[in-house]
1. Testing ARG111 on (1) in contact with a Ser or Thr (Cβ under 9 Å, 6 or more places away or on another chain); (2) at pLDDT below 85; (3) under 17 Å from PRO237 (Cα atoms), one condition comes back false. Which one is that?
2. Taking strands (runs of 3 or more DSSP E) that do not extend beyond region 60-112, which have at least 3 residues that are more than 17 Å from SER138 (Cβ to Cβ) and either in the same structural domain as ARG224 (by TED's automatic domain parsing) or touching an Asp or Glu at 6+ places or on another chain (Cβ under 9 Å) (or both)?
3. Among (1) farther than 16 Å from LEU131 by Cα; (2) at pLDDT 95 or above; (3) part of a strand (DSSP E or B), where does THR55 come up short?
Amino acid sequence: MRNRRLTLWLSCCLLATPSWSTAQTGFMMALTQHRQATDTPGEVAAIQNRAEPITIPTGTHLLLKLTSALHTTSGTPGAGVYLETSFPVIVDDRVAIPEHTRVLGIVERERRPGRVRGRAQMRMRFTEFILPDDRVLSVAASLQSLPGASRHRTVDNEGTIEPVDQIDADVYTVAKTTGVGLLIGSMSRVGIGVGPGVLMGAGLGLAKVLFTRGDEISLPVGTRVEMVLQRPLTVAPQP
């Protein structure tokens with residue numbers, strides 16, 4: 001700080017003279033070099049660090065949120081996925097990916113719930129970051145989880161999403177119709193007997209499960225999404 005004040009004072013004095021001599025110019029250059037040499041090592045390291053690229057390692061988790069809703073009826077393979085980061089990524093005390101960075105992806109696979117073939121499924125992958133200064137970075141990343149979701153979950157390492165309550169609903173349907181069959185079979189005036197009544201009720205419930213579509217996957221705007229990097233990502237300093 002003292003050196004900087006001395007430099008400023010001498011500069012003002014020299015500017016007040018009609019012209020600069022060769023000796024004065026040499027003196028100012030030497031003084032500037034001296035001031036740079038006396039900067040603290042921490043300041044020099046910080047300046048150099050800001051000019052170096054940042055590498056985000058494989059396995060880094062990022063919290064995102066959807067900016068466009070997803071549904072199994074419209075999210076066919078190749079459909080776009082649009083998100084933004086909800087929290088910055090910080091590496092070595094530097095912001096590598098700021099909050100509200102736009103994230104693009106695609107639906108890689110989808111399956112609507114069927115009458116016989118089971119639950120709905122959806123899998124997506126993430127392909128690009130668009131930084132606030134409009135630089136585009138290619139990324140290889142997959143879905144890790146849906147934090148806070150109560151109706152959907154990931155079921156494999158590739159981030160495939162499925163509804164979580166379909167089995168419970170199916171069991172309830174079969175149990176309800178089985179109970180009805182038991183009640184009918186126990187009525188003496190019907191005459192079919194308890195055993196046949198139970199079988200009839202269970203069969204009706206199973207038929208309803210097989211021929212009724214299950215739950216669709218519906219992810220509204222604002223759904224939280226956890227991404228995990230599959231390869232390192234290098235972010236160059238802002239020009």
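The values are calculated or read from the model by the stated rules, or taken from the named source; none is laboratory data. Bear in mind the structure is a predicted one, so any value in this text is a computation, not a measurement. Every residue, glycine among them, receives a Cβ derived from its backbone with ideal geometry; neighbour counts consider all protein chains shown.
1. (3) is the only condition that ARG111 fails.
2. Answer list for region 60-112: 61-66, 102-111.
3. Condition not satisfied by THR55: (1).
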